[in-house]
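*Asks:* Have a look at this one before I ask anything.
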Amino acid sequence: MAVIALDLGGTKIAGALFDNDGRQLHRQTQLLEGRAGSQVGALVVELSRSLHRQADQDGIHPEAMGICVPGISHAHRGTVWAPNIPGWEDYPLQEEMRSAFASTRMSITIDSDRACSILGELWQGAAKGARDAIFLAVGTGIGAGILADGKVLRGAHDIAGAIGWMALDRPFEQKYVACGCFEYYASGEGIARVAREMLDANTSYRGVLRTKAHAGITAHDVFEAYESHDRLSESTLSTCIEFWGMATANLVSLFNPEKIIFGGGVFGPAARFLDAITREARKWAQPISMSKVQLEVSMLGGDAPLYGAGLLALESRRRQA
């Protein structure tokens, strides 16, 4: 059996055909290129149909599809909230996909990028064999896919894992409202934001980042400057390590997981800090739980949610069999 998997992000859609064993049989990618609303929906349909045609040409007849979305999937309504896609405040993706494949027996399942990331690692990555594991995704934003007793934790309203809003500093400041305290400081956007704030506060600094256009500084610039032992970049990333460590400690103490897996675009270049994050987490976490957890970097990198979408599809088909 083969299944179709789609990973919809803020800038592109990745799609793949997977077999039962997790092998990618075909893969395609489409850029969103500024599309919004129903234009993005049409692109999702187009890519899924293209993969379906490819499967038919190979004599494969996929009967299930999993779709990963960058936000919240409201399973009971079949709608999606995706803040980085204009017009997707309550987008009826389930209905649109079912209509597109009405002539087939296609089972269609949609879930969040948080849930799909931990499912991908469970199927083909660092969480294989685990029943209690967490995928800590640090990219433009921050979220967590939480596997508890073998099941993805979704919460009463499908919002579990929105840990960018974890309160890790005080007092509260109005600037945390839009994205949360943790995400404000330690996401990809947060790294750049902290660097800019440090630049403003350190007028005597004349290092690498001072040569950059202030508003244009990115996390990539900070990591690049860190390579040359730039002191402001070192201070910025030291701040982030503290936040990543505190968040890790809170997750360890709350969920007692076997593993916490670090992924997203920032891990990546921040993988080198895993030992420092572990040392910081040990200061704060429940000590017995902390002594037993394994902290690892994703084995699947940016493909974790795509693999997770594949597992969604396989599990859906197995339930129907």
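The values are calculated or read from the model by the stated rules, or taken from the named source; none is laboratory data. From a predicted model like this one, the values you see are computed outputs, not experimental measurements. Cβ atoms come from the backbone with ideal geometry, glycine included; neighbour counts cover every protein chain shown. What goes into the accessible areas is simple: the full protein's heavy atoms, side chains included, and nothing from ligands, DNA or RNA. Shrake-Rupley method; radii C 1.70, N 1.55, O 1.52, S 1.80 Å.
*Asks:* Taking helices (runs of 4 or more DSSP H) that fall entirely within the stretch 244-321, which contain at least 2 residues that are basic (K, R) and out of contact with any Phe, Trp or Tyr (no Cβ under 7 Å at 6 or more places or on another chain)? Outline the logic, then answer.
*Replies:* Numbers: elements: 274-284, 287-292, 304-320.
Counting at least 2 such residues, we get 274-284, 304-320.
*Asks:* Is one or more of the residues making up the stretch 291-306 open to solvent by less than 10 Å² (accessible area, probe 1.4 Å) and touching a Leu at 6+ places or on another chain (Cβ under 6 Å)?
*Replies:* Start the filter on the stretch 291-306 by keeping residues that are open to solvent by less than 10 Å² (accessible area, probe 1.4 Å), which leaves 304, 306.
If we keep only those that are touching a Leu at 6+ places or on another chain (Cβ under 6 Å) as well, we get none.
No, that holds for no residue.
*Asks:* Let me ask another. Looking for something open to solvent by less than 50 Å² (accessible area, probe 1.4 Å), touching a residue at least 40 places away in the same chain (Cβ under 8 Å) and part of a helix (DSSP H, G or I) - is there at least one such residue anywhere in the stretch 69-87? Don't jump to the end; show me each part of the working.
*Replies:* Taking the stretch 69-87 and keeping what is open to solvent by less than 50 Å² (accessible area, probe 1.4 Å), we get 69-74, 78-80, 82, 85, 87.
From the residues that got through so far, the ones that are touching a residue at least 40 places away in the same chain (Cβ under 8 Å) too are 69-74, 82, 85, 87.
Cutting the leftovers down to part of a helix (DSSP H, G or I) gives us none.
Looking through the stretch 69-87, none of the residues is open to solvent by less than 50 Å² (accessible area, probe 1.4 Å), touching a residue at least 40 places away in the same chain (Cβ under 8 Å) and part of a helix (DSSP H, G or I).
*Asks:* Within the group R98, R114, R105, which residue is outside any strand (DSSP E or B), touching an Asp or Glu at 6+ places or on another chain (Cβ under 6 Å) and of a type outside the set (A, V, I, L, M)? Explain how you work it out, then say what you get.
*Replies:* Values: R98 fails: touching an Asp or Glu at 6+ places or on another chain (Cβ under 6 Å); R114 fails: touching an Asp or Glu at 6+ places or on another chain (Cβ under 6 Å).
Testing whether each residue is outside any strand (DSSP E or B), touching an Asp or Glu at 6+ places or on another chain (Cβ under 6 Å) and of a type outside the set (A, V, I, L, M) leaves just R105.
*Asks:* Given the conditions (1) surrounded by fewer than 23 Cβ atoms within 10 Å (Cβ to Cβ); (2) in a helix (DSSP H, G or I); (3) touching a strand residue (DSSP E or B) at 6+ places or on another chain (Cβ under 7 Å), report the number of the one that D56 does not fulfil.
*Replies:* Failed condition: (3).
*Asks:* Within the stretch 190-206, is there a residue that is of a type in the set (S, T, Y) and not in a loop (DSSP other than H, G, I, E, B)? Break it down into steps so the answer makes sense when it comes.
*Replies:* Filtering the stretch 190-206 down to residues of a type in the set (S, T, Y) leaves 203-205.
Among the residues that remain, those that are also not in a loop (DSSP other than H, G, I, E, B) are: none.
For the stretch 190-206, residues of a type in the set (S, T, Y) and not in a loop (DSSP other than H, G, I, E, B): absent.
*Asks:* Of all the residues that make up the stretch 88-119, how many are open to solvent by 40 Å² or more (accessible area, probe 1.4 Å), farther than 20 Å from R154 by Cβ and of a type outside the set (S, T, Y)?
*Replies:* Filtering the stretch 88-119 for residues open to solvent by 40 Å² or more (accessible area, probe 1.4 Å) gives 89-90, 92, 95-96, 98-99, 102-105, 113.
Checking which are farther than 20 Å from R154 by Cβ leaves us with 95-96, 98-99, 102-105.
Subsequent filtering for residues that are of a type outside the set (S, T, Y) retains 95-96, 98, 102, 105.
Qualifying residue count, the stretch 88-119: 5.
*Asks:* Anything in the stretch 227-237 that is open to solvent by 60 Å² or more (accessible area, probe 1.4 Å) and either touching a residue at least 40 places away in the same chain (Cβ under 8 Å) or part of a helix (DSSP H, G or I) (or both)? List them, or say none.
*Replies:* Here is the first cut: in the stretch 227-237, the residues open to solvent by 60 Å² or more (accessible area, probe 1.4 Å) are 227-229, 231, 234.
If the condition is that a residue be open to solvent by 60 Å² or more (accessible area, probe 1.4 Å) and either touching a residue at least 40 places away in the same chain (Cβ under 8 Å) or part of a helix (DSSP H, G or I) (or both), then E227, R231, E234 are the ones that fit.
*Asks:* Please specify each residue of the stretch 251-283 satisfying the condition of being aliphatic (A, V, I, L, M), open to solvent by 30 Å² or more (accessible area, probe 1.4 Å) and under 30 Å from K12 (Cβ atoms). Walk me through it before giving the result.
*Replies:* Taking the stretch 251-283 as the starting set, the residues that turn out to be aliphatic (A, V, I, L, M) are 251-252, 254, 260-261, 266, 270-271, 274, 276-277, 281.
Cutting the leftovers down to open to solvent by 30 Å² or more (accessible area, probe 1.4 Å) gives us 254, 271.
Passing the criteria: only A271.
*Asks:* Turning to a different aspect of this structure: Check K175 against each of (1) modelled with pLDDT of 95 or more; (2) assigned to a loop (DSSP other than H, G, I, E, B); (3) of a type in the set (K, R) and name the one condition it does not meet.
*Replies:* Unmet for K175, out of (1) modelled with pLDDT of 95 or more; (2) assigned to a loop (DSSP other than H, G, I, E, B); (3) of a type in the set (K, R): (2).
*Asks:* Looking only at residues that are aliphatic (A, V, I, L, M) and either under 18 Å from the mean Cα position of the chain (by Cα) or under 21 Å from G265 (Cα atoms) (or both) in the stretch 307-321, which one is surrounded by the most Cβ atoms within 10 Å (Cβ to Cβ)? I'd like the intermediate steps shown before the answer.
*Replies:* Just the residues of the stretch 307-321 that are aliphatic (A, V, I, L, M), to begin with: 309, 311-314, 321.
Applying the additional criterion that residues be either under 18 Å from the mean Cα position of the chain (by Cα) or under 21 Å from G265 (Cα atoms) (or both) yields 309, 311-312.
Values: A309: 33, L311: 23, L312: 28.
If we take residues in the stretch 307-321 being aliphatic (A, V, I, L, M) and either under 18 Å from the mean Cα position of the chain (by Cα) or under 21 Å from G265 (Cα atoms) (or both), then A309 is surrounded by the most Cβ atoms within 10 Å (Cβ to Cβ).
*Asks:* Taking the conditions exactly as written (touching a strand residue (DSSP E or B) at 6+ places or on another chain (Cβ under 7 Å), of a type outside the set (G, A, S) and either over 30 Å from T211 (Cβ atoms) or surrounded by 21 or more Cβ atoms within 10 Å (Cβ to Cβ) (or both)), does Q286 satisfy them or not?
*Replies:* So Q286 fails the test.
*Asks:* Still on this structure: Take E33 and tell me if it is farther than 15 Å from A309 by Cβ, charged (D, E, K, R) and over 21 Å from the mean Cα position of the chain (by Cα).
*Replies:* On the way: farther than 15 Å from A309 by Cβ: yes; charged (D, E, K, R): yes; over 21 Å from the mean Cα position of the chain (by Cα): no.
The answer is no for E33.
*Asks:* Return the residues of the stretch 176-205 that are more than 17 Å from H220 (Cα to Cα) and more than 23 Å from the chain's Cα centre (by Cα); say none if nothing qualifies.
*Replies:* Result: D200, A201, N202, T203, S204, Y205.
*Asks:* Out of (1) at pLDDT below 95; (2) over 18 Å from the mean Cα position of the chain (by Cα); (3) farther than 30 Å from H61 by Cα, the odd one out for M106 is which?
*Replies:* Condition (3) is where M106 drops out.
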